[in-house]
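K.L.:
Okay, handing you the structure first.
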Amino acid sequence: MSFHLAGMDEQFILRVPPSVAERINRLLSENASSSEDKSLDLEFSEDGRTGTFVIGNDRFPASVLDLPCVVESYKTYDDSALVKTADVGQMILVRESGEASPDVVEYRHGLTPPMRDARKRRFRREPDLNPELVQRVEKDLVNIMSGGTVENLDILDTNFSIVSLVIIFGYCW
């Protein structure tokens, strides 16, 4: 299920090598008809995580990576009031042709230097869980929810007693 909030844009971070960044700056600052890089294009394969970034006649490999935390994006109309436009959670990483493709779907670092190695330094480590234990607990929960009982359960006999305490004028009797 997906939904789109009114007024919210869909945004992402585009991280490119310095040589490509210079070409994009030239394309955006000059008249497009005078530049040899007249077009920008981004194509993705069927998996939605890998693709190709095209500028002019050059093609660069690209990957969609999840950021370690959500970044809010703002814009302003009057240089004083900021309006939130989107929550950015993904980055498109464009690489040079010879560079290796990342083997993970989550980018290890944030966007700024303080967020370097953010997952390791800032967030709690995921607990080491035994998959068999998790499956057994899930099965037991399903049994309990359907009105059954837990399998292999040791029941201990417990005794309890009710103690009455009467408090009158601050004294216990």
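The values are calculated or read from the model by the stated rules, or taken from the named source; none is laboratory data. All figures in this text were calculated on a predicted structure; none of them were measured in a lab. Note that we place each Cβ from the backbone using ideal geometry, even for glycine, and neighbour counts take in every protein chain shown. All accessible areas refer to the heavy atoms of the entire protein, side chains included, with ligands and DNA or RNA removed. Shrake-Rupley method; radii C 1.70, N 1.55, O 1.52, S 1.80 Å.
K.L.:
If you check every pair at least six apart or on different chains, which have Cβ atoms under 9 Å apart with a residue in the range 37-50 that is within 14 Å of Leu93 (Cα to Cα) and open to solvent by 60 Å² or more (accessible area, probe 1.4 Å) first and a residue that is at pLDDT below 90 and part of a loop (DSSP other than H, G, I, E, B) second?
P.N.:
Arg49/Val105
K.L.:
Within the range 71-101, can you find the residues that are open to solvent by 30 Å² or more (accessible area, probe 1.4 Å), under 17 Å from Thr50 (Cβ atoms) and in a loop (DSSP other than H, G, I, E, B)?
P.N.:
Glu96, Ser97, Gly98, Glu99, Ala100, Ser101
K.L.:
Okay, moving on. Please work out which residue is surrounded by the most Cβ atoms within 10 Å (Cβ to Cβ), limiting yourself to the range 54-65 and to residues that are assigned to a strand (DSSP E or B) and more than 22 Å from the chain's Cα centre (by Cα).
P.N.:
Applying the filter and picking the extreme gives Ile55.
K.L.:
Which of the numbered conditions does Val71 fail, given that it passes all the others? Conditions: (1) in contact with a Gly (Cβ under 8 Å, 6 or more places away or on another chain); (2) over 23 Å from Leu42 (Cα atoms).
P.N.:
The failed condition is (2).
K.L.:
Separate question: Assess whether Pro68 counts as being more than 21 Å from Thr112 (Cβ to Cβ), open to solvent by less than 60 Å² (accessible area, probe 1.4 Å), out of contact with any Pro (no Cβ under 8 Å at 6 or more places or on another chain) and in a strand (DSSP E or B).
P.N.:
no
K.L.:
Moving on to the next point. Looking at the range 80-97, I want the residues that are closer than 12 Å to Val64 by Cα and of a type in the set (Lys, Arg) and have a partner that is surrounded by fewer than 18 Cβ atoms within 10 Å (Cβ to Cβ) and modelled with pLDDT of 90 or more with Cβ atoms under 8 Å, at least 6 apart or on another chain. Which pairs are those?
P.N.:
These pairs meet every condition: Arg95/Pro17; Arg95/Pro61.
K.L.:
I'd like to check something: does the range 12-20 contain any residue that is in a loop (DSSP other than H, G, I, E, B), more than 17 Å from Glu96 (Cα to Cα) and at pLDDT below 90?
P.N.:
Narrowing the range 12-20 to residues in a loop (DSSP other than H, G, I, E, B): 12, 16-17.
Next, from what is left, pick out any that are more than 17 Å from Glu96 (Cα to Cα): 12.
Restricting the remaining residues to those that are at pLDDT below 90 gives 12.
Yes: the range 12-20 contains one or more residues that are in a loop (DSSP other than H, G, I, E, B), more than 17 Å from Glu96 (Cα to Cα) and at pLDDT below 90.
K.L.:
Going by what's in this entry, would Val163 be described as in a strand (DSSP E or B), modelled with pLDDT under 90 and loosely packed, with under 15 Cβ neighbours inside 10 Å?
P.N.:
Spelling it out, it is not the case that Val163 is in a strand (DSSP E or B), modelled with pLDDT under 90 and loosely packed, with under 15 Cβ neighbours inside 10 Å.
K.L.:
Can we say Asp140 is without any contact (Cβ under 8 Å) to a residue 60 or more places away in the chain and open to solvent by 30 Å² or more (accessible area, probe 1.4 Å)? Walk me through it before giving the result.
P.N.:
On the way: without any contact (Cβ under 8 Å) to a residue 60 or more places away in the chain: yes; open to solvent by 30 Å² or more (accessible area, probe 1.4 Å): no.
Answer is no for this residue.
K.L.:
Follow-up. Counting just the residues of the range 101-152 that are acidic (Asp, Glu) and over 27 Å from Gln90 (Cβ atoms), which one comes out modelled with the lowest pLDDT? Steps first, answer last, please.
P.N.:
Narrowing the range 101-152 to residues acidic (Asp, Glu): 103, 106, 117, 126, 128, 132, 138, 140, 151.
Still in the list and also over 27 Å from Gln90 (Cβ atoms): 128, 132, 138, 140, 151.
Working: Asp128: 84, Glu132: 89, Glu138: 90, Asp140: 88, Glu151: 74.
Applying the filter and picking the extreme gives Glu151.
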